[in-house]
Amino acid sequence: MAGAPQSDCLFCKIVSGEIPATIVRESETTVAFRDINPQAPTHVLVIPKAHYPDAASLAAAEPQVAADVLTEAGAVAVDEKIDSTGYRIILNTGSGAGQTVFHAHAHVLGGRGLQWPPG
């Protein structure tokens, strides 16, 4: 069932508290936590509590929760004091794009110059 926790999903286990994470924000529908392998001085993941394999499936099924992920990503940037210096929100979809955990999530990156295109 879409949205239901998956027993083999790392992020579902973080949502349930089964696996610890450094949580920086939590809302009714989302959890934000520090990436264990940061790619920038600030690297926080914002995930929906409900399980969807990627951002597109989340947006199609629960557009308000997809909006909540983006709203919380912006709030993370404010909390981390990167909102005025610039930050990037990345939503990878599929292994070819670098998605390694198939639970929708947004990366919030900042705290250093971010080149374009990313490489």
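Things to note:
- Hits in region 74-119 (condition: without any contact (Cβ under 8 Å) to a residue 40 or more places away in the chain, surrounded by 14 or more Cβ atoms within 10 Å (Cβ to Cβ) and part of a helix (DSSP H, G or I)): GLY74, ALA77
- Which numbered condition ALA104 fails, given (1) more than 24 Å from SER16 (Cα to Cα); (2) under 12 Å from the mean Cα position of the chain (by Cα); (3) among the small types (Gly, Ala, Ser): (1)
- The residues of region 10-60 that are assigned to a helix (DSSP H, G or I) and open to solvent by 30 Å² or more (accessible area, probe 1.4 Å), listed by number, are LEU10, LYS13, VAL15, SER16, ALA56, SER57, ALA59, ALA60.
- Conditions (1) open to solvent by 70 Å² or more (accessible area, probe 1.4 Å); (2) closer than 28 Å to GLY113 by Cβ; number of the one not met by SER7: (2)
- Residue match in region 29-43 (condition: at positive phi and either in contact with a Gly (Cβ under 9 Å, 6 or more places away or on another chain) or in contact (Cβ under 8 Å) with a residue 12 or more places away in the chain (or both)): no
- Residue in region 43-59 that is touching a strand residue (DSSP E or B) at 6+ places or on another chain (Cβ under 8 Å) and of a type in the set (Lys, Arg) present: yes
The values are calculated or read from the model by the stated rules, or taken from the named source; none is laboratory data. Since the structure is predicted, the reported quantities are computational estimates derived from the model, not experimental observations. Every residue, glycine among them, receives a Cβ derived from its backbone with ideal geometry; neighbour counts consider all protein chains shown. Just so you know, the surface numbers come from the protein's heavy atoms only, side chains and all, with ligands and any DNA or RNA stripped out. Shrake-Rupley method; radii C 1.70, N 1.55, O 1.52, S 1.80 Å.
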